[in-house]
Each structure stands twice: as structure tokens, then as C-alpha cells.
Amino acid sequence: MNRWKSPRLRQDMIAAYILVLPMVLFILVFTIGPVIYAFLLSFQNFNMLAPQRSTFIGLKNYTDLFKDPVFKKALMNTFTYAGIVVPVQTCIALVLAVVANQNIRGKTFYRVAYYLPAVTSAVAVAAMFMFLFNTRGLVNRFFSIFGFQSVSWFANPKYALPLAMIMAIWSTVGTLMLIFLAGMQDIPESVYEAADVDGANKIVQFFSITVPLLREKTMFVVLIGFIGTLQMFDQAYVISQGTGGPINATMTVVLFLYLKAFGENRMGYGSAAAFVLFIIIFALTVVQKLVFERKAES
Amino acid sequence: MFRKCAGMAMEVYEKFQKVSEVSMCHKHKSNKNIKGESSMTLKKMLSLSMATVMASSVLLAGCGAKEPAQATPDAPKVETPKAKADEPAAPVESVEISIAHFSDPFETETVAKQIDLFMQQNPNIKVVAEPITGDFWEVLKTRMASNNEPDVFYMDVFQAGSFMDADRLLALDEHLTDYDMDDFYGSLVDAFKGTDGKIYGIPKDFNTLLLYYNKKMLADAGVEVPKTWDDLTAAATKLSTGGKKGLVLQNELPRFQPFFFSNGGSMMKDGKPVVNSPENAEALAYWVSLLKDGKIGDTPANLGVGWDGDAFGQEMVAMTVEGGWMVPYLRETAPDLDFGVAQIPMKKNPASMVFTVAYAVSANTKQVEASTKLAKFLSNKEMQQIVVDAGRAMPSRKSMGEIFSQKYPDRAEFFVAVPHASAFNYGVISPAVVKEVNDAAVGLLQGGATDAQKALDQAQANIDAALAAQ
């Protein structure tokens with residue numbers, strides 16, 4: 001590399017570095033720095049209120065984590081949640097994008113209507129869902145028509161996590177739809193016209209043209225879907241009023257580490273949980289990238 | 001302010017551009033080769049970025065510096081004579097302290113009023129109020145972690161254990177020798193005593209739990225106010241008719257703890273949480289029997305309301321166990337409701353629960369004198385009169401409690417509960433204790449568990465594990 005040899009390029013580089021410096025400093029101080037600090041904390045028995053008492057305990061936080069039944073439950077919940085939410089929201093978003101992409105009357109209205117949940121604050125959404133899903137709420141009344149007994153969704157250990165899933169799907173589908181919609185605009189009309197000439201109907205066109213050509217967008221949507229759902233916190237926090245209850249039914253990994261770090265002051269233990277989650281997300285992302293790239297090659 | 005700064009920054013930017021233009025013209029004349037062209041673009045970029053950096057630094061530094069700069073004209077006037085007077089008389093130095101408090105409008109207004117009075121009486125002490133929005137404890141803990149906490153702050157008895165354990169609170173004993181601590185309810189003062197027996201907070205106000213009952217519903221059903229557990233079951237059964245239920249109960253420790261104590265149980269042993277005594281298990285089984293299947297009682301969630309206050313206020317139920325804070329809520333949301341309060345039905349002995357907040361001083365404070373003075377001032381009789389007048393939580397002084405009882409006779413019963421009220425405090429890991437015991441109760445009610453003793457044994461095992469990890 002001889003880019004430093006040309007004086008002109010060198011000067012350009014200096015200018016470029018000066019321009020990015022403020023942002024780099026910002027990221028170093030507020031992102032990278034805390035990450036490194038948290039990594040160091042994860043090997044310590046660090047009490048936030050009494051940092052002077054903290055001691056280096058090696059990997060004990062990590063080994064304790066995998067013996068902790070609540071952490072196991074949190075991992076289970078988080079994976080169940082991600083495993084259901086991501087496929088469902090991706091499919092719904094794709095279908096909505098197709099619908100919103102039709103030349104139908106009032107399509108702007110539909111696009112706005114589908115996107116509206118995405119710009120509503122999670123806390124407001126949770127409050128609304130708790131209203132809809134309480135024992136006297138609309139949903140229970142609807143189901144009671146078919147003879148189901150009213151249940152308090154968010155207070156019942158069996159239904160609290162499904163409620164969080166429904167909330168998440170409802171509120172993120174709009175954003176994902178927007179990504180698919182953008183991808184569909186890039187598919188040339190001529191491909192569909194050729195398919196028409198060949199006699200392919202709309203459904204065949206959807207599966208043979210739209211879906212394969214949206215592969216990159218799908219990968220992106222699935223990827224951010226997994227990253228987002230594995231970090232689920234706000235819905236669980238609101239539904240359970242910050243406890244992860246009823247009986248850990250809504251305990252997610254992030255809520256777990258929050259409760260350990262800020263509830264029990266165990267910063268080291270919380271940091272360890274954060275790094276376990278980071279490794280899981282990182283590994284999943286790499287695997288997904290490989291899978292999608294292999295598919296793209298074949 | 002912002003506009004002014006932005007204007008200043010623009011001015012600097014324009015000036016800088018002019019300067020760089022001049023220098024560039026100069027450069028252009030002397031250097032007419034291609035290399036000069038490139039260095040010119042670089043210069044342009046550099047100057048642009050420099051200007052931006054300068055402008056933003058002016059914006060940042062200038063704006064920050066502006067405030068004190070404007071204050072300087074006045075400051076010397078005050079300080080110069082003081083500095084001169086310093087040598088002969090050595091007067092009291094002026095200090096500044098801060099107090100962090102809950103940020104609801106009532107507290108914010110009250111504290112503002114109180115510190116104004118304090119500063120009038122103590123002109124050398126400047127007090128800054130810091131209302132904390134969001135999670136008070138999270139904010140306080142993070143600020144302590146960076147040794148940047150306020151001098152004085154509210155301290156909930158529930159949280160006090162972990163703060164005392166970490167030596168974050170100042171022991172107040174030596175500052176309270178001239179203070180009438182005898183006037184405070186003993187159980188409140190004890191609640192803020194550390195394991196070393198020292199006092200770490202001056203109680204501000206408190207609330208206790210009682211049984212609320214709907215007078216009309218009880219009269220209609222011909223039911224007396226229940227006094228024992230058997231009475232309570234019978235009354236709730238009789239009152240559960242016509243779509244109404246006898247009881248609404250929040251299925252959580254800070255509501256059923258009085259039943260533990262009433263049955264001879266307890267929560268702490270030798271300073272450590274011990275929750276799985278047979279007495280506790282028996283009481284928990286009884287409590288769950290009141291709620292099981294929603295026949296004679298139910299939880300607010302199952303009734304489709306946010307909390308007990310709504311179910312009781314809307315007359316969906318005849319009775320509940322709640323704190324004193326429900327009285328003002330009911331007066332406001334259900335002004336026509338005719339209700340009464342009584343001691344919680346008992347088994348072996350009467351029991352209740354006390355929730356309290358104190359003024360605590362940071363162990364880190366540089367202004368021990370001023371901070372303890374403020375804490376004492378805020379809990380004196382005059383200041384507690386403000387608490388009484390507001391009619392919210394109950395004052396922590398016995399003398400003021402009497403005035404409160406006279407002013408609000410319907411709430412006098414809450415003071416009667418004080419001597420037999422247990423504290424909402426389980427040492428270092430209070431949050432974990434509450435969570436585990438709550439989980440046990442939810443498991444018994446909704447999770448398919450049937451044995452209260454086993455559920456509490458499991459809770460105890462988890463609590464011990466959490467305690468060992470501290």
C-alpha cells in the first residue's frame with residue numbers, strides 16, 4: 001500500500017481523519033470504553049455501591065450463570081421469543097409489503113397505517129395492549145364468544161410471553177414492511193411482464209420472482225429481527241412491571257442482567273450475562289450470514 | 001441562550017472563512033501548478049473542518065462559560081468584602097449542598113417550599129433541589145458509583161439495607177444528640193437502624209396497611225367487619241354474590257406479609273431473610289385460599305383493573321387490604337363511596353406492615369454539618385405540618401400524628417397499626433426477597449404448585465443463593 005506516498009492523498013487522509021475524529025471520540029468514550037469496562041467487570045465480584053470491595057474472581061460469574069436456573073429460564077424465554085417472533089414478523093411484513101405495493105386506491109393510507117405502530121413508543125403500546133388483553137378487555141370478550149374463559153394475559157404465567165410476542169410483532173412489522181417495500185421498488189417491472197407472457201400467475205410470480213429477488217432484504221430483516229428480539233427488554237419490563245414475572249415467564253436475558261446489575265447491585269454478574277448474550281448474537285449473525293451467502297452462490 | 005451562541009459560532013465561522021480565503025488567494029498567486037490546486041482543496045477542507053471544530057467548540061465552551069461569565073459582575077461584589085472581612089472576623093463560610101427527591105409535582109413543590117424556608121434561616125447554606133425523574137434508585141446508585149451523589153436524599157426503607165451495607169449512608173447519631181428523636185415512632189426509627197445499631201435516616205413520613213371495607217355492601221349482606229381469619233373467609237364468601245366478590249388482593253409480599261406475622265411467622269432471623277417457617281407457609285396457604293379460583297376473592301389483574309383501588313372504588317368487591325395512600329385516591333376517584341378501615345383480620349396476634357421513607361445523608365458528603373442540619377430541618381415539626389396539611393402520607397412524629405388524626409379522623413386507624421406493623425425491609429437483598437416470595441405466591445395461585453411449604457422452601461433456597469453471591 002503506497003497511499004501514504006502521494007502527498008495529495010496523504011493530505012486528503014489527514015483531512016478525513018480530522019473530520020471523523022469527533023465521532024470516533026464519541027464512540028470511544030460512550031460505546032467502546034464502556035464495553036471494555038463491562039468486559040473487565042464481568043471477571044469481578046463488583047458491587048455498584050461498594051466498588052472498593054470488588055475482587056477479581058476469574059470466570060466465576062460465567063460458571064455461576066450457567067448454574068443459575070433463572071438465567072436458563074431467561075435464555076429459554078429469549079430464544080422462544082426470537083424463534084417465534086422473527087419468522088412470523090418477517091412473513092407478515094412480506095405479505096403487507098406486497099399488499100402495500102399494489103396499485104390500489106388509498107395505498108398511502110395503508111402504508112401509513114402499517115407503519116404507525118413503529119413510531120409509537122413501546123410503553124404506550126404496552127399500556128394499550130394491557131388494556132386490550134385484560135380480563136374485561138376486547139380480546140377476551142371476542143374469545144368469550146367462542147366459549148373461551150377470560151384470562152388475564154399479562155398476569156398469567158402461560159400467556160404473558162405470547163402477549164409480549166404479539167406486541168413485538170405488531171409494533172415492528174411496519175418497519176420491516178418498509179424495507180421489503182423498498183426492495184420491491186428495485187425489481188424491474190419487465191421481469192413481471194415477461195412472467196405474464198409466460199403465463200405465470202400472481203402466486204407463482206410472488207414465489208419465483210419477488211421472494212428470490214428480495215433475498216438480500218430478507219437476510220437483513222431476519223438479521224436485525226434476531227438482534228432486536230434477542231435483546232428484548234421494554235415489553236417484558238412493562239408487562240411485568242420490571243420483575244420478569246409472573247414466575248419469570250417474561251424474564252429475558254436483558255431484563256435478567258438489568259435486575260442483577262441494578263436491582264441486586266451485582267454489576268459483574270450482570271456484565272457477564274451481557275457478554276454471554278453478545279457472544280450468542282454474534283455467533284448467530286455469523287451463521288446466518290454464511291447460510292445466506294451459500295444460498296446466494298447456489 | 002442557544003440562539004445567541006449559535007450566532008456567535010456563525011460569526012466565528014464567517015471570520016475564519018474570510019481569513020482562510022485571504023490566505024488561499026495568496027497561496028494561489030504564488031503557486032500556480034497542479035500541486036497547488038490540490039493543496040488548495042486540502043486547505044479549503046482543512047479550514048472548513050477547522051472552522052467547524054472551532055465553531056462547535058465555541059458553541060460548547062462559550063455556552064458553558066457564558067453562565068458564570070454573566071454572573072461575575074455580581075460575584076466579586078459579594079465576595080470581595082467577605083474576603084476582606086475574612087481575616088479579622090472569619091465569618092461562616094457559605095456552602096452549597098444538594099437534595100435529591102422524588103419528582104412528582106407534589107414533592108417538587110413541597111421541597112422547593114421547604115428549602116426556601118431553610119435558606120432563609122441559614123443564609124450561609126445554599127440548597128439545590130434535584131428532582132430525580134425515572135427510576136430514583138437506579139439514578140442514585142449510578143451517581144454513587146461515580147461518587148457524584150447528592151448530599152441529602154430520600155431513602156426508602158425497602159432500599160436502605162443495600163445502601164447501609166455498602167457504607168453509603170452517614171451515621172447520624174452524633175448529630176442527633178440535640179434532636180427530639182423520642183417524638184418519632186420507634187418502629188420507624190428502628191427501620192433505618194443499621195446492623196451496628198446506628199441511625200442512618202430520619203423518618204420523613206409513612207403508611208401502614210389496613211383492611212378496607214365497603215360499608216354499604218357489608219350492611220346489605222348483614223356482615224360484621226371481620227376480625228379474624230375465619231371471619232374474613234366467612235364474610236368474603238357471604239359477600240360474593242351477584243357478580244361481586246368479597247375481596248380483591250394484590251398477590252404479593254407487601255400485602256400478605258401481615259398474615260405471616262399474624263400467624264406467628266416472621267421474615268428475618270439474625271439479620272438475614274428467612275421466609276420458609278411453617279407459620280409463614282400456613283399463612284400463605286390461607287392467603288391463596290382466599291384467591292383460589294376467584295370464588296370469594298380475586299386479583300386486580302383478573303378483575304381487569306390496574307390495582308386494588310380501582311376494583312374497590314368501582315364497588316366490584318367489598319373488601320381489600322391496602323395502604324393509607326388509597327384513602328386520597330378513593331376520595332378523588334370515587335367521592336361517593338362509603339367505606340371504612342379496620343385492622344387486618346388476625347390469627348394469633350394483630351399485624352400490619354409499615355412503608356416509610358427517610359431523609360438520609362451521603363457518607364461521602366463534604367458538608368456534613370450543613371447536610372445533617374438540612375435533614376433535621378426537613379423532619380422538624382414545622383415542616384411536617386406541610387405533610388399533615390397535604391393529607392398524603394402520614395407524619396413520622398407522634399405529636400404530628402395526633403394532629404393528623406384529629407384532622408383526618410377516618411385515617412386515625414392507620415396510626416393504631418404502627419406498634420404491630422412489620423417493616424418492608426429484608427436487609428441487603430430486599431428486591432430479591434420480594435421477587436422470590438412473590439413467585440412462590442403466584443406459583444401457588446396460578447402456576448399449578450399446591451404445597452405452600454415447598455414453594456417457600458424453594459424461595460428460601462433462591463434467596464440464600466442470592467445472598468451468598470453478594
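All of the numbers you see were taken from the coordinates with simple rules; none came from a lab. What you are looking at is a predicted structure, and each value in this text was computed from that prediction instead of being measured. Heads up, the Cβs are rebuilt from the backbone with ideal geometry, glycines too, and the neighbour counts pull from every protein chain shown.
A few comments on the model shown:
- Computed E for A:GLN241/A:ARG136 - FRET, C-beta separation, R0 22 angstrom, nearest 0.05: 0.70
- Charge context of A:GLY183, other residues only, Cβ under 14 angstrom, K/R +1, D/E -1: 0
- For residues of B:447-456, the mean tally of beta carbons on other chains within 10 Å: 1
- For chain A, taking the reciprocal of the average inverse distance between every pair of different Cα atoms yields a Kirkwood hydrodynamic radius of 22.7 Å.
- Net +/- balance of residues flanking B:THR110 in space, Cβ distance below 14 Å, scoring K and R +1, D and E -1: -4
- Dimensions of the stretch B:240-351 along the principal axes, based on C-alpha atoms and rounded to the nearest Å, stand at 47, 30, 23, largest first.
- Distance (nanometres) between label positions extended 7 Å along Cα→Cβ at A:ILE104 and B:MET181: 7.4 nm
- Normalising the Debye intensity of the stretch A:192-298 to I(0), with uniform scatterers on Cα atoms only, and taking log10 at q = 0.10, 0.13, 0.15, 0.16 Å⁻¹ returns -0.49, -0.66, -0.76, -0.80.
- Peptide A:7-19 shows a mean partner chain C-beta count of 4 within 10 Å per residue C-beta.
- Among A:ALA155, A:ALA122, A:ALA16, the residue with the largest mean-square fluctuation in a Gaussian network model of chain A, with springs joining Cα atoms closer than 10 Å, is A:ALA16.
- For the protein assembly as shown, the Cα-based Rg and Dmax, in that order, read 32.3, 108 Å.
- Legend: calculated FRET efficiency, A:ALA283 to A:ARG10, from the Cβ-Cβ distance at R0 = 60 Å, rounded to 0.05, equals 0.90.
- Compared with the direct C-alpha span, the chain from B:ASN349 to B:ASP270 gains 26.2 nm at full extension, assuming 0.36 nm per residue.
- Pairs with C-alpha atoms separated by more than 24 Å, drawn from the list B:LYS238/B:LYS435; A:LYS72/B:LYS272; B:LYS113/B:LYS381; A:LYS260/B:LYS141; B:LYS269/B:LYS381, are B:LYS238/B:LYS435; A:LYS72/B:LYS272; B:LYS269/B:LYS381.
- A Förster distance of 22 Å, applied to the separation of the beta-carbon atoms of B:ASP464 and B:ASP167, puts the FRET efficiency at 0.40.
- Difference of contour (0.36 nm per residue) and Cα-Cα distance, B:SER94 to B:THR195: 32.8 nm
- Tensor-based shape of the stretch B:282-426 (alpha-carbon gyration tensor, a/c under 1.5 rounded, otherwise prolate or oblate): prolate
- Mean per-residue shielding of peptide B:299-305 is 6, counting Cβ atoms of other chains within 10 Å of each Cβ.
- Working from label points 7 Å from Cα in the Cα-to-Cβ sense, the B:LYS295 to A:ILE209 distance is 6.6 nm.
- Projected-area average for the stretch B:104-248 over all orientations - Cα convex hull basis, square nanometres: 14.0 nm²
- Approximating the spin labels as points 7 Å out from Cα along Cα→Cβ, the B:LEU117-to-A:ILE224 distance works out to 5.5 nm.
- Packing-based ranking, highest mean first, of A:136-149, B:276-289, A:36-49 given that Cβ atoms within 10 Å are counted: B:276-289, A:36-49, A:136-149
- Amide H contacts of B:THR228 (H built 1.01 Å from N, under 5 Å, at least 5 apart or other chain): B:MET346
- Considered as an equivalent ellipsoid built on the Cα gyration tensor, the stretch B:168-296 has semi-axes of 38, 19, 11 Å, the largest given first.
- The stretch B:99-207: GluC sites (Glu not before Pro) falling in loop per DSSP and having at most 11 other Cβ within 10 Å: none
- Comparing A:LYS73, A:LYS158, A:LYS107 in a Gaussian network model of chain A, where Cα atoms under 10 Å apart are tied by springs, the biggest mean-square fluctuation is seen for A:LYS107.
- Net charge of neighbours whose Cβ lies under 13 Å from the Cβ of B:TYR200, counting Lys and Arg as +1 and Asp and Glu as -1: -4
- Centre separation in Å (Cα based) which lies between the stretch B:202-252 and the stretch A:7-69: 54 Å
- P(r) for the stretch A:88-164, from all Cα pairs and a bin width of 5 Å, is 3, 13, 16, 16, 17, 16, 12, 5, 1 %, short bins first.
- Considering the stretch B:315-376, its Cα convex hull presents a mean projected area of 7.9 nm².
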